[in-house]
Each structure stands twice: as structure tokens, then as C-alpha cells.
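What follows is a short report on a single structure.
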Amino acid sequence: MLENLQQQPADKILALMQLYREDTRDQKIDLGVGVYKDASGNTPVMRAVKAAERRLVDQQTTKAYTGLAGDPAFADAMIDLVLGDVVARDRIAAIATPGGTGAIRQALELIRIASPDAKVWLSDPTWPNHPSIIKFLGMQSATYRYFDSETCNVNFDGMLADLENVAAGDVVLLHGCCHNPTGANLTADQWPQMIALLKSKGAVPMVDIAYQGFGDGLDDDAAATRLVAAGFDEVLIAASCSKNFGVYRERTGILMAIARDPEQKALAQANLNFLNRQNYSFPPDHGARVVTTILTDPELRADWEAELEETRLGMLALREQLAGELKRLTNSDRFEFVADHRGMFSRLGVSPEVVEQLRTEHGIYMVGDSRLNIAGLNEQTVPILAAAVAKSI
Ligand code: LMR
């Protein structure tokens, strides 16, 4: 049996992680996978997470199974964090999932059951695992223009022109904030225009929100998702806790399915529970319980928000520093967009050859499309990166 297997295509982000690990140079900089690192290069456990875990160790009395949808308190807390009160709770079905990727996978499986011929529209570019999972599930997809590689900003006209071709019932996958891989985001004026177009087409929006709190703040980063949620009868939302709670390896995420009424919500909930049962039965609980503990305890929540805000402001400062250094060293405004982009990533807009040269000659690792993880930098490594880029272009 096993001899029939063939090699699967390597995930380019994870392949890069491996290359970095194997690099024996002392002076290497990992700007590949989206993981936050502090000034000393560590990915710390957040203070509130440690405190919540301590509390769980002391107070948890059982590890018996939760429900198939996970702990209902987790769903309530996350719906509140992501959506606030813009959609009535009795219209929202939800399941806890293994991370944001798990939520995306379950959302796509739900779409495949409900509407097998629906096409899923993806931004060009998008997170590489989106098209990979869609292909694996044998679903149809199409792309819409998103990024203008000249300006390194959103190509909004191109996006609207391509979304004109969306058919009724097609699913349009949107990044709620902090677009991955580009860092370029729609403005507050552009979102309503795009939503109006999707509504006129009868599209079903699916939002991937993995970086809430990393861009402009917790509420600002959720604003577009809330606008979408409030604007349609049906919306799927995949939210990740990996980054904003720093619980990457705990695999903590949630899929929300907004239905037109409570009756359809109940049907959607039953299907989501079924999907969890088919794929892994009960979703992981530890990370979800930590997140719930933090979100429902005013003191822990305040501390978490404060630490998240420090992280966010730190990333913004690094963006300013990098844009400034690049301006100085290249004597041009070519990289000014780095300061305007938001979230963990920016696509630098340099060629694959330059990316390769940065890795081989300077030990600087970024994804081949020139996506770099801003949160992997620090004050000391920014000038090193800027000098290497200025030398290589
Ligand atoms: C990334 O894009 O680097 C992260 O979302 C991590 C991953 O799983 O790819």
C-alpha cells in the first residue's frame, strides 16, 4: 500500500522553517513563518496565558470530554471578541477548531456539503494553505486581483473588476485584517464598496481573521469583519487565537457560521458538530479554556490587552525603523509602504533572486515572494536587513 504514495508538494513556509533550522551560521535572521519574537529573539508565553494556565492547573477538576462544538463559553467569548454585538447570537453557529487552519478546513468542508459546485474566490496572493486545502478537497477556486506589485498596495480597481465575475452562491474569502502575505489592506472607505458589490452578486463571504490586535488595535482590526457579518444573511468566519494569544502550538481557533435565522443556525450547528466528529471528534480544549479564562476575567483580560498592545506598537515601531533605514540607504521612497502596511507581514516587492541572495549571502530568511515577518525583527536586526536589501537590489 504505502509504495503507492507520492511526494506531496512542500509548503513553502514550512520548508523555509526547516532550511533556517539547518543553517549553521550564527548570524542568521528568521523572517519566514509568522511567529512573534521579542527583542531577544524569543517567542514568550504571554503573561495572562501563564496566569490562566496556573489557574487551570489549580482549579480544573476533570479532563472529561467537552461537547463536539467545544466549550460553549469559548464560543461566547470569541464571538464577543470578534463580532461584538453586531449579529444576534441566535444566528451564529460555532465550533472550536484546532487553530485557524482547522476553522478554514471545517468551513471549506461545510461549503462542500452545502454547495458542492460553489467556487471559492481567493485574493491573489493569499496564504498558500488556502489554495492548498481547497485543491486537496477537490473544490473549485478562482482568484481576484489584490496586490499591485508596483505600488505594493491594494489594487482595488482590479479587485472590484474581478469580483464582478462572482456568481450567486460563490464564496469569497477575505482577510479580515492584516492581509497575509502582503500587509496591504483595504481602507475603511473601500470595505463598504466591496461589500455592496458582493451583495449585489449574491456571494457568500468567508472571512479569515488570524491577526486581530496586530494591526490597528482589537476593535479596529475587527471592524471590517463586523461590517461583513452585519451585511449578509450568511457569513463564515474563521478566527485564530495562535497569534494574538501566542498559543500557536495549542491549536486554538473557532469557526462561526452566521445563518439567516435561528432555525438555519440550528441546522448549521448540527452540521458543524458532525464535521468535528468526522474529523477528530472533540476539538482541543486547553488553549480554548485558557483563552476563555482570559477573556472572561477582567484582570487577566486587561493584562492580555496591555501585552498585545505592546506587541502591536513594537511592530509598528519596527515598520517605521525599517522604512526609515531603507529610505536612507536606497535614497528613495520605494519602501515607504512598509510603514503603512499592517500586521505581521509585508511583501517587500523584490525579486525571487534577491530573496535567494538575502538567504545565501546574508542568512536572512523570507518567503520566496518576498514576504517578511516584521514580528521576527528587532531594533538590532532592522539595520542589518536594510543594509542587505539595499546591497542586493
Ligand atoms: C504564516 O503564514 O506564516 C502562519 O500563518 C503560519 C502558517 O501556518 O503558515
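The values are calculated or read from the model by the stated rules, or taken from the named source; none is laboratory data. All values derive from a computational prediction rather than experimental measurement. Here the Cβ positions follow ideal geometry from the backbone for every residue, glycine too, while neighbour counts run over all protein chains shown. The protein model used for the area step is the full one, side chains on, heavy atoms only, and it has no ligands, DNA or RNA in it. Shrake-Rupley method; radii C 1.70, N 1.55, O 1.52, S 1.80 Å.
Values for this structure:
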| read-out | value |
| --- | --- |
| For segment 126-260: rounded, prolate or oblate by the Cα gyration tensor [a/c cutoff 1.5] | rounded |
| Rounded to 5, the percent of DSSP beta bridges in segment 198-261 classed as antiparallel | 60 percent |
| Peptide ranges 370-378, 105-113 listed from the most packed, as the mean C-beta count within 10 angstrom indicates | 370-378, 105-113 |
| Theoretical ellipticity at 222 nm over the chain - DSSP helices of four or more residues, -39500 (n - 2.57) apiece, nearest 500 | -15000 deg cm²/dmol |
| Percent carbon-and-sulfur accessible area, segment 65-296, ignoring ligands, DNA and RNA, probe 1.4 Å | 49 percent |
| Accessible area per residue in Å² at 1.4 Å probe, computed on the chain | 45 Å² |
| Portion, in percent, of the accessible area of segment 1-56 that falls on carbon or sulfur, probe 1.4 Å | 53 percent |
| DSSP-defined beta bridges in the chain - what % are antiparallel, rounded to 5 | 45 percent |
| Distance-filtered residues of segment 139-178 - backbone nitrogen under 12 Å, label point 7 angstrom along Ile393 Cα→Cβ | 150-152 |
| Members of Lys12/Lys135; Lys28/Lys135; Lys201/Lys265; Lys12/Lys37; Lys12/Lys199 lying beyond 26 Å, as alpha-carbon distances in this model show | Lys28/Lys135; Lys12/Lys199 |
| Packing-based ranking, highest mean first, of 58-71, 3-16 given that Cβ atoms within 10 Å are counted | 58-71, 3-16 |
| Qualifying trypsin sites (Lys or Arg not before Pro) for segment 247-287 [loop in DSSP, other Cβ within 10 Å: at most 13] | Arg260 |
